[in-house]
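Q: This structure is in structure tokens; I'll ask about it shortly.
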Amino acid sequence: MKINGLLAFVMCAAFGSGIAQANVINGGFETGDFTGWTLSGNTGFTGVSTNSPQSGAYAAYLGAVSTLDYLSQNVSTVAGTAYTLGYWLESDGGTPNEFSVSWDGTVLSDLHDIGSQRYTHYVFDVVATGASSLLTFGSRDDPGFLHLDSVSVNSVLPEPASLALFGIGLAGLGAMRRNGKKS
């Protein structure tokens with residue numbers, strides 16, 4: 001019975017921390033500004049506010065008129081590793097509006113004239129091609145604002161260090177079991 005409890009502990013230790021963030025800086029805009037992000041394009045009516053966060057105290061508001069604003073960040077990644085990109089988006093329903101997301105120059109989604117929606121979670125599976133991957137959001141909302149919050153990029157598989165820890169734990173359990181049978 002003690003071995004089963006130890007096995008559960010080792011598995012939790014190994015895999016509990018195995019889903020690793022890919023270092024999105026300020027994904028929830030909790031610095032109160034765009035620290036970690038690069039803004040370009042039509043950045044008028046674009047900022048960070050406490051007005052409508054999905055979680056935490058802040059969210060980005062995106063209200064560029066006529067042309068897109070861009071919010072981008074080079075995210076630290078490992079080439080060939082699969083990741084899950086997630087973010088929360090809210091729309092006041094004013095049109096015309098547009099919201100796009102791309103990963104390393106590949107457009108994952110380009111929504112036009114989004115109706116009124118409370119925060120909705122969007123998730124995409126992506127693969128890193130290098131030591132960093134460019135994440136870009138483009139947006140406009142001529143009569144109002146879109147809100148973006150809780151941007152994250154997580155690895156799909158456990159980190160190699162977590163797998164190594166799990167292997168060491170299994171080897172230890174095997175040794176304990178072997179020693180227990182000799183008694």
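Q: Enumerate the calculated ³J(HN,Hα) couplings along the range 73-88 in order (Karplus 6.51 cos²θ - 1.76 cosθ + 1.60, θ = phi - 60°), each rounded to whole Hz, writing x wherever the residue is Gly or Pro.
A: Going residue by residue, I get 7, 7, 9, 5, 9, 10, 3, x, 8, 7, 10, 10, 9, x, 7, 10 Hz, with x marking Gly and Pro.
Q: Taking only the alpha-carbon positions of the range 31-80 and ignoring solvent, what does the Debye formula give for the base-10 log of I(q)/I(0) at q = 0.14, 0.22, 0.24 Å⁻¹?
A: One equal scatterer on each Cα of the range 31-80 leads to -0.43, -0.85, -0.93.
Q: Also, quick follow-up: Evaluate the Kirkwood expression for the hydrodynamic radius of the range 56-100, namely the inverse of the mean inverse distance over all pairs of different C-alpha atoms, and round to one decimal in Å.
A: Hydrodynamic radius (Kirkwood, Cα only) of the range 56-100 equals 13.8 Å.
Q: Sorting Phe45, Phe124 by accessible area (1.4 Å probe), largest first, what list results?
A: Ranking Phe45, Phe124 by accessible area, largest first, yields Phe45, Phe124.
Q: With viscosity set to 1.306 mPa s and temperature to 10 °C, compute the Stokes-Einstein D of the range 51-166, Rh being the Kirkwood radius across alpha carbon pairs; µm²/s, no decimals.
A: Calculated translational D: 105 µm²/s.
The values are calculated or read from the model by the stated rules, or taken from the named source; none is laboratory data. All values derive from a computational prediction rather than experimental measurement. Each accessible area value is taken on the protein alone, full model and side chains, heavy atoms only, with ligands, DNA and RNA left out. Shrake-Rupley method; radii C 1.70, N 1.55, O 1.52, S 1.80 Å.
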